[in-house]
Amino acid sequence: ETGVTQTPRHLVMGMTNKKSLKCEQHLGHNAMYWYKQSAKKPLELMFVYNFKEQTENNSVPSRFSPECPNSSHLFLHLHTLQPEDSALYLCASSQERTTNEKLFFGSGTQLSVL
Amino acid sequence: GESVGLHLPTLSVQEGDNSIINCAYSNSASDYFIWYKQESGKGPQFIIDIRSNMDKRQGQRVTVLLNKTVKHLSLQIAATQPGDSAVYFCAVLNNYGQNFVFGPGTRLSVLP
């Protein structure tokens, strides 16, 4: 167990659906991240939260909407997605949004958009 | 900005042999480096890290080497085992010191 839990593990949705991904970390960290992992591509940073405040939106389309109600929980709300959004979505956490802090990842949500 | 690449997308080794996985990075100001292991169906798992004031660091069966002159990072796995089969990728802290840039990964296959 990595200390970062993501649900659901798999999700299939149509382009008109609305769904949410959930992440919870049990490590006492203050920074949380969403990453996208597409086949044969490096991890892409999507959003960063530090002490519940969004500090970075890496030019992510508005059909992805993050929410961080507290330092332990992170959500990614999805609506009107496109087939090219199919990917593994990974949540990560670190002690703080500072330098030299290793990231701890969850197992990810494998998303398929039909 | 930073770019991170590596030399081989796949690597096959015999069980018991040593494995070497490489990464190249572009920014000479990068100062923190991590190797992650990702098994099928799982998220990336931290293996070992190294800071720019070091050129070698050892863990259990793993060694990371950093050559700042040529901006090259390698992961050595001793006596490779079937459980080492996974995708390995490096993460480099970029020149602003805020975001990691990840390599595309090397898939290691261990042959019996």
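The values are calculated or read from the model by the stated rules, or taken from the named source; none is laboratory data. Keep in mind that this is a model prediction, so the values were computed, not measured. Using ideal geometry, Cβ is built from the backbone for each residue, glycine included, and neighbour counts are taken over all protein chains shown.
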Just for strands (runs of 3 or more DSSP E) wholly inside region A:6-114: which have at least 1 residues that are within 13 Å of another protein chain (Cβ to nearest Cβ), touching a residue at least 24 places away in the same chain (Cβ under 8 Å) and of a type in the set (Gly, Ala, Ser)?
A:31-37, A:87-94
Residue count, region B:90-112 (criterion: surrounded by 21 or more Cβ atoms within 10 Å (Cβ to Cβ), of a type outside the set (S, T, N, Q) and in a strand (DSSP E or B))
8
Given B:Val87, B:Val64, which one is within 12 Å of chain A (Cβ to nearest Cβ), in a strand (DSSP E or B) and hydrophobic (A, V, I, L, M, F, W, C)?
B:Val87
Boolean, B:Ile20 is surrounded by 14 or more Cβ atoms within 10 Å (Cβ to Cβ), within 14 Å of chain A (Cβ to nearest Cβ), more than 19 Å from A:Pro42 (Cβ to Cβ) and of a type in the set (A, V, I, L, M)
no
Verdict on A:Pro42 being out of contact with any helix residue (DSSP H, G or I) (no Cβ under 7 Å at 6 or more places or on another chain) and modelled with pLDDT under 95
yes
From B:Ala29, B:Ala78, grab the single residue that is in contact (Cβ under 8 Å) with a residue 40 or more places away in the chain, among the small types (Gly, Ala, Ser), farther than 30 Å from A:Gln6 by Cβ and touching a Ser or Thr at 6+ places or on another chain (Cβ under 8 Å).
B:Ala78
Hits in region B:41-60 (condition: closer than 21 Å to B:Thr10 by Cβ and either more than 11 Å from every other protein chain (Cβ to nearest Cβ) or within 9 Å of the chain's Cα centre (by Cα) (or both))
B:Ile47
